[in-house]
1. Please report how far the C-alpha centroid of the stretch 143-212 lies from that of the stretch 51-109, rounded to the nearest whole angstrom.
2. What residues from the stretch 40-65 fall in the zone where the backbone N is under 20 Å from a label point 7 Å along the Cα-to-C-beta line of Ser241?
3. Among bridges DSSP assigns within the chain, what percent are antiparallel (round to 5)?
4. Treat each spin label as a single point 7 Å out from the Cα along the C-beta direction, and report the Val267 to Gln87 distance in nm.
5. Below 17 Å Cα-Cα, how many Lys pairs turn up in the chain? Only count pairs eight or more apart in sequence, or on different chains, if you could.
6. Please turn the phi angles of the stretch 31-44 into ³J(HN,Hα) values with the Karplus equation 6.51 cos²θ - 1.76 cosθ + 1.60 (θ = phi - 60°), one per residue in order, whole Hz, x for glycine and proline.
7. Take Leu176 and Arg234, extend 7 Å from each Cα along the Cα→Cβ direction, and tell me the distance between the two endpoints in nm.
8. Once label points are set 7 Å from the Cα along Cα→Cβ at both Phe20 and Ala203, what is their separation, rounded to one decimal in nm?
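Please treat every number below as a calculation from the coordinates, not as lab data. These numbers come from a predicted model, not from an experiment. For neighbour counting, all protein chains shown are included, and Cβ atoms are generated from backbone atoms with ideal geometry for every residue, glycine included.
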Amino acid sequence: MSEISLNNGVTIPQLGFGVFQVPPEDTQRIVEDALEAGYRHIDTAAGYGNEAGVGAAIAASGIPREDIFVTTKLRNGDQGRARDAFQDSREALGLEFVDLYLIHWPVPSQGLYVQAWKELENLYAAKEIRAIGVSNFLSDHLDTLLESTDVVPAVNQIELHPSYQQAELASKSRALGIAVEAYSPLGQGGDLNGNAVTAVAHAHGATTAQMVLAWHLAAGNVVIPKSVDPSRIRENFAATSLTLTDDELASITALERGARIGSDPAVAAFTQL
């Protein structure tokens with residue numbers, strides 16, 4: 001498994017496993033399947049309601065804690081109580097520390113994300129979190145944060161897939177030393193049926209999902225696919241062994257069409273509570 005070195009020297013496995021919309025009652029079993037398949041990076045969030053299942057799977061796995069990279073996120077409605085919210089997440093996970101903690105959305109209408117970030121900086125300084133970052137932050141949100149705080153985010157986790165690449169935001173993030181992490185990396189399945197992806201998959205004798213994940217990995221993205229099917233969990237992990245040619249990568253990159261699937265971070269204001 002390839003790893004990316006974050007701006008503070010902490011390394012993150014480039015291919016992770018996401019648990020967005022995984023039912024809490026199924027999370028432990030599904031994360032155990034992912035760990036058995038070889039994943040060592042699990043991405044959850046307080047807003048998903050399944051942190052406890054992630055923690056239970058890690059405890060049951062027998063894998064040393066230091067070998068598993070765990071990300072969770074601050075709920076939008078908790079930005080005014082970030083320190084306490086982090087402790088709630090850590091208790092739910094049953095972990096002494098979290099590897100990466102993200103502000104889940106900027107929610108600019110609240111005007112609280114700078115305040116929340118300063119609390120994350122304190123938790124980071126106290127070594128309760130190995131790295132801190134953001135999710136869904138657009139260019140102006142990054143500018144505001146960097147003008148008002150001391151620690152540059154280690155990660156910006158954004159919606160990113162072949163039909164919605166956010167190239168300008170990704171480039172700016174990297175220029176600032178912020179790693180780019182892709183959620184909805186397969187376009188929630190919508191990016192798997194195009195002729196370009198199908199042709200590349202046929203050439204490699206692989207699945208279309210594996211081709212898109214290999215494209216992400218080649219681009220240097222941290223990527224967190226999700227599946228609840230054990231065979232697909234294993235298939236996605238096998239993308240780490242695939243290498244695409246420059247022409248094949250270009251054919252997938254050419255699928256860009258500005259097709260956002262999720263909420264617009266400029267106006268999103270749900271609380272997640």
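1. 22
2. Those under the cut-off are 40-41.
3. Details: 4 of 28 bridges.
Roughly 15 percent of the beta bridges in the chain run antiparallel, per DSSP.
4. Computed distance between label sites Val267 and Gln87 equals 3.8 nm.
5. Counting lysine pairs in the chain gives 4.
6. Per residue, the Karplus-derived 3J(HN,Hα) values read 5, 4, 4, 5, 5, 5, 6, x, 5, 10, 9, 10, 10, 10 Hz.
7. 4.1
8. Result: 2.9 nm between the two label points.
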